[in-house]
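The structure appears right after this line, and notes come after that.
The values are calculated or read from the model by the stated rules, or taken from the named source; none is laboratory data. Just so we're clear, the structure is a prediction, and the values are computed from it rather than from any experiment. For neighbour counting, all protein chains shown are included, and Cβ atoms are generated from backbone atoms with ideal geometry for every residue, glycine included.
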Amino acid sequence: MVKKKIKLFGFFVLIVIVVLFSISPFLWQIITSLKSNEEIFSLPISYFPHKINFRSYIEIFTERPFGRYILNSLFVASCATLLCVFVSSLAAYAIARIKIKGGNKFLLVVLVVAFFPQIIYLIPLYELFRVLGLFNNPIALILPYATINLPFGIWVLTSFFKQIPKEIEDAAKVDGFSRGKVLFRIILPLSAPALATTAILVFILCWNEFLFALTFMIKDLARTVPVGIAMLSGASMYEIPWDKISAATVITTLPLVIITILFQRRIVEGLTAGAVKG
Amino acid sequence: MRITDERFGRLLLVPAILLVGVIAFYPILRNAILSFYKVDILSGIPPTFIGFKNFSTLLQDSRFLKSLGNTAYFTIVSVVIEFMLGLGFALLLNRTFRARNLVRATVLIPWALPTAVMAIGWRWIYNDVYGVLNDILLKLGIISTKIAWLGNPKTAMMCAIFADVWKSTPFVALILLAGLQSIPRELYEASELDGATEWTKFKLITFPLLLPSIALALLFRTLQAIGIFDLMWVLTGGGPAGTTETVSIYVYDYAYRYLRLGYASSAVTLTFMVILVIGVLWLRRK
């Protein structure tokens, strides 16, 4: 009995350690963001703000175009997510339900894209977007974001569509539904959960992307949030406005934290869809 | 006239083929071609073919070789740690307890946050004067003077690895957790009747059945780690003295600071070959 209790206690200690490990860097950002600039640069370090201070939260919107960064990120990530989910669902339907010739081979070839680091696409896309004059244009991010997440979308949706009973489609065909109608009126509405799972994951990945955003968005006002924050730093190490940076970090990441907690089941489902079946 | 199923199916694939073709396969091909050219985008002179010159320069460039070494070191050390910790997390989360869902969600948080943004957070934590890491370690008596974690060639890579472990362990843990949950309960029950200990159960049931998930998690993490860019770019910029410069950082520097696009492409091509070999070896695994 005592042994069992010790074991249980050890287990909870481990759980607490895991939780602390996961959230403490983020918590530290929150604490820092609530301090005044003087308190941030004073020793000894205070582990709780002496006086809660929201000034840096206001300053990033008034002194820097942080609101604009957020709008840019929202726009780019939403468009890319919609495009990605739409295109993936069409392709996944063709592969899973129509079983067209070479469908599985196509899937395999597309999956290869997921294996390469982004840097491989960078220079040619830079060249291409330069010629087309797409720098600072959201399209220069929307298309690549939709594409690099396409393998994931097609993979998850193909395995989901395969699970939908064939009888539903057959019944609809008897009623005179065309293939197109079956897809848009029956399969896609039935797949709402899988579409949502895919969309949430793709949105997070788009929101967080850095390399393309850094390279293709040159004007300050065209930047997305991660690049905007990275560029908040002053000219030298000593000018870094840590109060503003931490406030900006919290504003950008808090929605993600909330999304993660609300949709954790879906995110886990999506992340692991490949792991179990593959 | 109604179109046939086969035709309709192909039509549905067209958008995906267009996107993947133009935004992914064309760049891969173009990148390979560019590696044989000298490209000068500022002068407006069209690229000139120079054969394998870029590659021979590359293999003699100690900075490139060092970045390859750094990338390999970063990849191996971080993936190994992430695997061990991730397995631990997964085994822990596989038990049933109250608040398990909440714990699982908190564990997921590091994965969901933007690497570049959290890299700035880490810079603040590692800060030599005002950083909280030094403060904690001093209070615990582990160090006796403050350390410039990111300014010291001996510790900078360690810091980057730690930040990556923090971010990616959840991903590994979740993949492994899904694998654990797909193992049939009956197997454990049967072995318990045979009087198996926890360790034999792990060795004979859990580990072998988890192998596919492990392989998948390791593959994805390895490929991501090889391409690491945002963490280093924000955390250290590749410094100090090039000790954290990975291939992606090297390529970016040559492409956008020195504007040597052809040369930078050849570095990508070479790295891409390495990845291809790893991929083929993985697919051929028994």
Assess whether B:T169 counts as being modelled with pLDDT of 90 or more and either surrounded by fewer than 23 Cβ atoms within 10 Å (Cβ to Cβ) or closer than 14 Å to B:Y73 by Cβ (or both). no
Filter region A:168-223 down to residues that are within 16 Å of A:F75 (Cα to Cα), touching a residue at least 60 places away in the same chain (Cβ under 8 Å) and either not assigned by TED's automatic domain parsing to the domain that holds A:V85 or not in a helix (DSSP H, G or I) (or both), then give me how many there are. 3
Take A:R68 and tell me if it is out of contact with any Gly (no Cβ under 6 Å at 6 or more places or on another chain), among the basic types (K, R), within 11 Å of chain B (Cβ to nearest Cβ) and part of a helix (DSSP H, G or I). no
Would you mind stating whether A:S73 is facing chain B (nearest Cβ under 10 Å) and of a type in the set (S, T, N, Q)? yes
Taking the conditions exactly as written (surrounded by fewer than 21 Cβ atoms within 10 Å (Cβ to Cβ) and either part of a loop (DSSP other than H, G, I, E, B) or touching a residue at least 24 places away in the same chain (Cβ under 8 Å) (or both)), does B:I120 satisfy them or not? no
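Taking B:T271 as the residue in question, decide whether it is surrounded by 18 or more Cβ atoms within 10 Å (Cβ to Cβ), hydroxyl-bearing (S, T, Y), facing chain A (nearest Cβ under 10 Å) and over 28 Å from B:L177 (Cα atoms).
Working: surrounded by 18 or more Cβ atoms within 10 Å (Cβ to Cβ): yes; hydroxyl-bearing (S, T, Y): yes; facing chain A (nearest Cβ under 10 Å): yes; over 28 Å from B:L177 (Cα atoms): yes.
Against the criterion (surrounded by 18 or more Cβ atoms within 10 Å (Cβ to Cβ), hydroxyl-bearing (S, T, Y), facing chain A (nearest Cβ under 10 Å) and over 28 Å from B:L177 (Cα atoms)), B:T271 qualifies.
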Restricting to region A:110-121, count the residues that are facing another protein chain (nearest Cβ under 7 Å) and in contact (Cβ under 8 Å) with a residue 24 or more places away in the chain. 5
Residue within region B:18-29 that is touching a residue at least 24 places away in the same chain (Cβ under 8 Å), within 14 Å of another protein chain (Cβ to nearest Cβ), among the hydroxyl-bearing types (S, T, Y) and surrounded by 12 or more Cβ atoms within 10 Å (Cβ to Cβ) present: no
Region B:124-150, subset assigned to a helix (DSSP H, G or I) and facing chain A (nearest Cβ under 8 Å), residue surrounded by the most Cβ atoms within 10 Å (Cβ to Cβ): B:I125
Out of everything in region B:70-100 that is part of a helix (DSSP H, G or I) and of a type in the set (F, W, Y), what residue ends up being nearest to B:L223 (Cα to Cα)? B:F74
Output the residues belonging to region B:190-230 that are closer than 22 Å to B:S248 by Cα and not in a helix (DSSP H, G or I). B:G227, B:I228, B:F229
If you take the residues in region B:237-259 that are more than 8 Å from chain A (Cβ to nearest Cβ), buried (at least 20 other Cβ atoms within 10 Å of the Cβ) and more than 11 Å from B:R63 (Cβ to Cβ), which one is nearest to the chain's Cα centre (by Cα)? B:T246
Yes or no: region B:35-45 includes at least one residue that is in contact with a Phe, Trp or Tyr (Cβ under 9 Å, 6 or more places away or on another chain), in a helix (DSSP H, G or I), more than 30 Å from B:S213 (Cα to Cα) and within 12 Å of chain A (Cβ to nearest Cβ). no
Out of the residues in region A:86-109 that are crowded, with 23+ Cβ neighbours inside 10 Å and within 20 Å of the chain's Cα centre (by Cα), state the one that is farthest from the other protein chains (Cβ to nearest Cβ). A:S89
